[in-house]
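Enquirer: Have a look at this one.
Values quoted throughout were computed directly from the atomic coordinates according to the rules given, and no laboratory measurement underlies them. Just so you know, these numbers come straight off a predicted model, no measurement behind them. For neighbour counting, all protein chains shown are included, and Cβ atoms are generated from backbone atoms with ideal geometry for every residue, glycine included.
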Amino acid sequence: MIESIKLLHYLNESTYKKICLKFGLNYQKTKDNFICFEARKIYRIDMFNISYEQFGHVWFMDLHINFPKFDCPYDKFEQELRESCYELFGEEIMADFPAYDKIACGFIEFSNLLKVENADETLNRLRGGKCVREQLERPLWSEYKKPHGTIEFCLCKENATCLFALARCHGTALKKRIKDSSFHGPVGIVPSKIINEDTEKEIMTWLYKNYGVSA
């Protein structure tokens, strides 16, 4: 299942300013300009802007999504997201929002319960092979960092014959796995492709094979 998602929206300057005004943010700041909403489906908004020599000034917004709180099938997420955004931002701001296929998923977490013959033996084998300690002990997962072109794959014991698996996927890594450029955005993958059961299965199955654990 999907745990969390980060969705990048390209905005025009006017909409960017309206969002900042609505939430008491400083539209002139280029970074560290965010607001958090405790326990909500959209739990954080990041506003940032960059002046490019080639493209001029570009205005961005990242929405941080707690996917389980949407409690919907993957194919219903587009509608559920739009309804949540209307509730959060209001009709005037939403009038200039980018379409769903113009959003880019820059980060996603997939999780799964993986059946194995013996969880302890599997983890011990991984410790002596492809994995470091930070991948296999849940309290240390936050310390496990890889370049964004590599999926951060973590495992821990759920019970005697089951592992809990977590794949943290940044946009660069997603574009390496999903080679069809028609699904690529500047920083990741279009939501319709990545918020997709077949895509999730392909990524997790590839990780299990790569690390030599049974799926």
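Enquirer: Between residue 133 and residue 27, what FRET efficiency comes out of the Förster formula 1/(1 + (r/R0)^6) with R0 = 30 Å and r the beta carbon distance, rounded to 0.05?
Expert: Values: r = 44 Å, r/R0 = 1.45.
Plugging the Cβ-Cβ distance into 1/(1 + (r/R0)^6) gives 0.10.
Enquirer: Also, quick follow-up: Given a 10 angstrom Cα cut-off, can you work out which residue in 50, 19, 194 is the most mobile in a GNM of the chain?
Expert: 50
Enquirer: Have a look at 184, 170, 148 and tell me which one the Gaussian network model of the chain (Cα, springs below 10 Å) gives the largest fluctuation.
Expert: Checking each option, the largest mean-square fluctuation is seen for 148.
Enquirer: Using only Cα positions of the chain, each an equal point scatterer, no hydration layer, compute I(q)/I(0) via Debye at q = 0.10, 0.17 Å⁻¹ and quote the log10 values to two decimals.
Expert: The Debye formula, applied to the Cα set alone, gives -0.50, -1.20.
Enquirer: Sticking with this structure for a sec: How many angstrom lie between the C-alpha centres of segment 183-209 and segment 7-27?
Expert: Using only Cα atoms, the two centres lie 28 Å from each other.
Enquirer: If you build a Gaussian network model of the chain, linking Cα atoms that sit under 10 Å apart, which residue out of 101, 62, 180 swings the most?
Expert: 180
Enquirer: Right, something else. Given that compact globular proteins tend to follow 2.2 N^0.38 Å, what is the ratio of the alpha-carbon Rg of segment 68-125 to that value? Could the numbers behind the result be given before it?
Expert: Details: Rg = 18.6 Å, N = 58, 2.2 N^0.38 = 10.3 Å.
So segment 68-125 has a normalised radius of gyration of 1.81.
Enquirer: What FRET efficiency comes out for residue 1 versus residue 121 if R0 is 22 angstrom and r is the Cβ-Cβ distance? Round to the nearest 0.05. The partial results should precede the final answer.
Expert: Values: r = 26 Å, r/R0 = 1.19.
So, using R0 = 22 Å, E works out to roughly 0.25.
Enquirer: Name all residues of segment 84-128 having a backbone nitrogen under 20 Å from the label point set 7 Å from the Cα of residue 143 along its Cα→Cβ direction, giving them as ranges.
Expert: 123-128
Enquirer: Ratio of Rg to Rh for segment 2-98, alpha carbon only, Kirkwood?
Expert: Numbers: Rg = 13.7 Å, Rh = 14.1 Å.
Ratio of gyration radius to Kirkwood radius for segment 2-98: 0.98.
Enquirer: Give the separation of the Cα centroids, segment 81-154 to segment 63-79, in Å.
Expert: 14 Å
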